[in-house]
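Inspection log for the structure reproduced underneath, given as structure tokens.
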Amino acid sequence: MSVRTLVVDDDFAVAAIHRGFLEAMPEFEVVGEAHRGGEALRAVEALRPDLVLLDIHLPDMSGLEVLSRLRARGGPPVDVIAVTAARERETVRQAMSRGVDNYLVKPFTRTAFLDRMREYLAQRIEVQRLGQVLDQDQVDSLMHHRPRTPAMPKGLSAVTLRLVTDALRDSANDLSAQEVGDRAGLSRVSARRYLEHLVTIGKAEVQPRYGMANRPAHGYRLT
């Protein structure tokens, strides 16, 4: 079932761009747009989305206030990802304390947006897979407190790293960066960054292979 998503942004053009990004992903269904905080709250009640992409800078109230009201309301829970130019430390801290599920800072590339949405999907699938009673490792995973792989470079995500690792583990043969990207739902460039990190920390190794026209290429497998 697709993730029913409400796009909230005061800029009509930006909202349309985000809608277009999501509509290119079959896992998402955009059920509406809102351009003011009050409009967003009413849309959530009317449309019952699973996910809200929420701008912080709205003309009638802060997105932080919208987030607080969403968390205080009754009814089915809704996930919220802040998609905003607001990058002040206190704003980010307040968004976290009020229960934002993720935070994406503008400006960003289409690839960065899609990667973040895939991370969200992976986390959502993980939550649905778990039972009603969790052990400590499962709680840590959901709370994003699982220790990161040592020396994880800035910009890499533990959730996406797990997707890349699983793609290698599930294959009987070594995989190219493109093949890993296809299996993990990432671009080739993004997959290569994670693969190179796994090689650096000794959890994967590079295998020589040949591509088109017998040109040297690389495959990766777990050690």
Which translational diffusion coefficient, to the nearest whole µm²/s, is obtained for the range 1-86 from the Stokes-Einstein equation, given a Kirkwood hydrodynamic radius over C-alpha pairs, 4 °C and 1.567 mPa s?
103
Using a 7 Å offset from the Cα along the Cα-to-Cβ direction at both residue 205 and residue 89, what is the distance between the two label points in nm, to one decimal?
4.4
Solvent exposure of the chain as accessible area per residue, Å², 1.4 Å probe:
56
Please compute, over every Cα-Cα pair in the range 3-145, the percentage with a separation greater than 18 angstrom.
56
Compare the Cα positions of 108, 15, 201 along the charge dipole of the chain (+1 at Cβ of Lys, Arg; -1 at Cβ of Asp, Glu; about the Cα centre) and return the one farthest towards the positive end.
201
Tell me the label-point distance for the pair residue 135, residue 188, using the 7 Å Cα-to-Cβ offset, in nm and rounded to one decimal.
4.0
On the accessible surface of the range 3-145, probed at 1.4 Å with all protein chains in place, carbon and sulfur together account for a percent value of 53
I want to verify a result. In a Gaussian network model of the chain, Cα cutoff 10 Å, which of these has the top mean-square fluctuation: 20, 74, 63?
74
Relative contact order in percent for the chain (Cα pairs under 8 Å, 6+ apart) equals 12
Name the most mobile residue of 174, 11, 135, meaning the one with the largest mean-square fluctuation, in a Gaussian network model of the chain with Cα contacts below 10 Å.
135
So if I take the alpha carbon set of the range 158-222, get Rg, then get Rh from the Kirkwood formula, what is the Rg over Rh ratio?
0.95
Simple label model, 7 Å out from Cα along Cβ direction - residue 169 to residue 60, nm:
4.8
Could you size up the charge dipole of the chain around its Cα centre, putting +1 on the beta carbon of Lys and Arg and -1 on that of Asp and Glu, and report it in debye to the nearest 20?
560
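The values are calculated or read from the model by the stated rules, or taken from the named source; none is laboratory data. Keep in mind that this is a model prediction, so the values were computed, not measured. When we count neighbours, we look across all protein chains shown, and the Cβ atoms used for this are built from the backbone with ideal geometry, even at glycine. SASA here: full protein model, heavy atoms, side chains in, ligands and nucleic acids out. Shrake-Rupley method; radii C 1.70, N 1.55, O 1.52, S 1.80 Å.
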